[in-house]
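The values are calculated or read from the model by the stated rules, or taken from the named source; none is laboratory data. Remember, predicted model here, so these are calculated numbers, not experimental data. Positions of Cβ are generated from backbone atoms using ideal geometry, with glycine treated the same way; all protein chains shown enter the neighbour counts.
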């Protein structure tokens with residue numbers, strides 16, 4: 001327990017993020033000579049269901065697929081300089097991830113590695129015995145009707161802090177609230193109490209700003225001529241300097257690309273927020289309405305004023321279940337009267353699929369004219385004239401319960417090669433298995449978090 | 001032409017925005033380039049107007065949360081993802097591109113505010 005500032009760095013904001021992103025961040029943390037931790041957020045809502053399926057196929061697998069590639073270049077530096085690494089890369093198999101990290105240590109000759117594992121987020125086996133209630137305005141999921149693949153409760157910063165108390169080099173979790181990967185080390189470092197609401201709110205803001213990696217340093221932001229970002233190809237991932245009073249400065253490593261400004265920080269502050277006065281995480285109810293954001297130097301932004309209220313009585317859980325199949329097919333038309341030909345292709349494929357009488361939902365778009373902004377009814381495209389568009393790609397999307405149906409439907413698009421309008425080329429087709437998610441609330445008492453220290457001898 | 005004259009621009013000239021998603025619900029933040037434009041946007045970009053602008057996406061309830069200290073707005077739009085990332089037929093199931101649909105909305109704004117936003121971007 002100490003009042004010295006803690007530096008928190010982030011090296012990944014989602015499961016397929018750049019795997020070299022953490023390297024300059026770790027170097028900057030080490031150069032600072034200050035107490036520091038590093039975290040990787042690699043687990044989206046439905047990633048867990050995919051990982052769960054992998055684990056069924058391979059009992060050693062089911063952790064984040066790019067964890068090894070992200071950790072290999074930084075593990076030694078972090079261990080030797082006392083910078084703990086935290087990550088939710090445990091996914092559906094935290095123990096498997098811990099063993100794999102020990103394997104990296106063995107390969108690199110790193111001795112005495114200590115890995116703390118947080119478990120207890122997986123509630124699938126006791127789902128039928130838990131009293132679930134509705135989340136926001138959704139109905140509570142009706143389990144009987146669903147093919148449940150995974151069910152995980154969001155653990156919080158308190159659980160991550162307990163893992164930090166085991167003095168590990170690496171903390172591996174499964175499902176935790178993303179921001180808890182930063183809040184946990186702050187609770188551990190500053191000794192914040194369970195009802196220290198304003199501090200817990202400030203620590204949640206740190207995690208929230210950093211959990212998407214480059215989204216606070218110029219990624220998902222650049223709009224050339226309007227919001228310019230230098231050297232986006234070398235975008236630096238974020239570092240937060242966190243003070244005992246809850247104030248923070250967001251920055252990035254010297255010599256990297258990207259940008260930390262009032263604008264990048266405000267955009268990320270509100271990212272995936274609904275009511276800014278009541279953002280619920282396991283540890284606190286976060287109120288952002290009094291937050292102030294101020295540039296205090298080049299690529300240095302101070303954030304103050306987060307307020308906390310009592311934590312929610314329940315925990316959020318995400319249930320993943322079989323969502324059927326998505327089929328997609330595309331074909332291109334370019335040059336004179338491309339719009340006329342692409343529109344004929346669209347009508348042709350729609351009529352042919354309708355004639356098959358398949359049990360599926362169908363949508364078509366002309367990419368290069370109107371696509372992602374339109375609704376399923378095509379109302380936006382119907383109100384516009386695309387005759388000037390000369391490089392178009394017809395996209396077909398089909399949704400059905402089984403793979404065979406979506407394959408049957410998208411094959412009609414491939415048929416356009418020989419039987420459709422003139423000059424159609426570049427067909428691509430694929431079928432993707434879908435995972436659907438539902439959220440619900442469960443009582444805290446139904447959850448029993450477990451903490452394990454895995455040493456080289458155990459692994 | 002005086003600074004008070006109204007000119008029609010895309011909202012993109014006055015503000016920037018970012019979409020986030022949770023389930024079948026999207027949020028879009030709206031942040032004026034020049035903080036002085038916040039009051040004007042508060043009167044112009046109402047939840048009703050945003051709901052109408054997203055009608056082709058089956059927008060259900062739309063709520064605008066005001067954040068005068070930042071200053072910014074947060075719009076929460078129900079149902080516009082038409083199934084969300086796991087259920088949508090849209091190429092962009094997350095709705096990540098939707099912030100730029102909001103920014104394409106035409107606005108009649110005082111010339112002085114449009115100039116101020118342009119100058120604020122250059123600073």
Out of curiosity, is residue A:372 within 32 Å of the chain's Cα centre (by Cα), surrounded by fewer than 19 Cβ atoms within 10 Å (Cβ to Cβ) and under 21 Å from residue B:58 (Cβ atoms)? yes
Checked the range A:302-328 for anything surrounded by 23 or more Cβ atoms within 10 Å (Cβ to Cβ) and without any contact (Cβ under 8 Å) to a residue 60 or more places away in the chain; matches are none
**OP:** Determine if the range B:50-60 includes at least one residue that is crowded, with 17+ Cβ neighbours inside 10 Å, facing chain A (nearest Cβ under 10 Å), in contact with a helix residue (DSSP H, G or I) (Cβ under 7 Å, 6 or more places away or on another chain) and over 23 Å from residue A:264 (Cα atoms).
**Re:** yes
Across the range A:259-299, the tally of residues that are over 26 Å from residue A:158 (Cα atoms) and more than 14 Å from every other protein chain (Cβ to nearest Cβ) stands at 4
Exercise for the section: Restrict the check to the range A:134-151 and report whether at least one residue is closer than 18 Å to residue A:48 by Cα, under 25 Å from the mean Cα position of the chain (by Cα) and modelled with pLDDT of 95 or more. Expected result: no
Over the range A:356-373, the set of residues more than 30 Å from residue A:335 (Cβ to Cβ) and without any contact (Cβ under 8 Å) to a residue 12 or more places away in the chain is A:357
Only one of (1) surrounded by fewer than 21 Cβ atoms within 10 Å (Cβ to Cβ); (2) modelled with pLDDT under 95; (3) more than 10 Å from chain A (Cβ to nearest Cβ) does not apply to residue B:82, and that is (3)
In the range A:359-381, anything more than 22 Å from residue B:96 (Cα to Cα) and at the interface with chain B (Cβ under 9 Å from one of its Cβ atoms) is listed as A:361
Restricting the range B:85-110 to residues that are more than 9 Å from the chain's Cα centre (by Cα), assigned to a loop (DSSP other than H, G, I, E, B) and more than 7 Å from chain A (Cβ to nearest Cβ), the one surrounded by the most Cβ atoms within 10 Å (Cβ to Cβ) turns out to be B:95
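Please find, among B:24, B:4, B:34, B:39, the residue that is more than 8 Å from every other protein chain (Cβ to nearest Cβ) and without any contact (Cβ under 8 Å) to a residue 24 or more places away in the chain.
Only one candidate passes the filter, namely B:39.
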The residue that is farthest from residue A:400 (Cα to Cα), considering only those in the range A:310-368 that are under 28 Å from the mean Cα position of the chain (by Cα) and part of a loop (DSSP other than H, G, I, E, B), is A:310
Residue set A:395, A:384; condition within 12 Å of chain B (Cβ to nearest Cβ), closer than 26 Å to residue B:26 by Cβ, touching a strand residue (DSSP E or B) at 6+ places or on another chain (Cβ under 8 Å) and surrounded by fewer than 14 Cβ atoms within 10 Å (Cβ to Cβ); output residue A:384
Note: among A:408, A:428, just one is at negative phi, in contact (Cβ under 8 Å) with a residue 24 or more places away in the chain and within 14 Å of chain B (Cβ to nearest Cβ), namely A:428
In the range A:220-258, anything within 14 Å of chain B (Cβ to nearest Cβ) and crowded, with 24+ Cβ neighbours inside 10 Å is listed as none
Over the range A:187-227, the set of residues over 25 Å from the mean Cα position of the chain (by Cα) and either more than 26 Å from residue A:163 (Cα to Cα) or not in a helix (DSSP H, G or I) (or both) is A:191, A:192, A:193, A:194, A:195, A:196, A:224, A:225, A:226
request  = Report yes if residue B:77 is outside any strand (DSSP E or B), in contact with a helix residue (DSSP H, G or I) (Cβ under 9 Å, 6 or more places away or on another chain) and either at pLDDT below 95 or more than 9 Å from chain A (Cβ to nearest Cβ) (or both), otherwise no.
outcome  = no
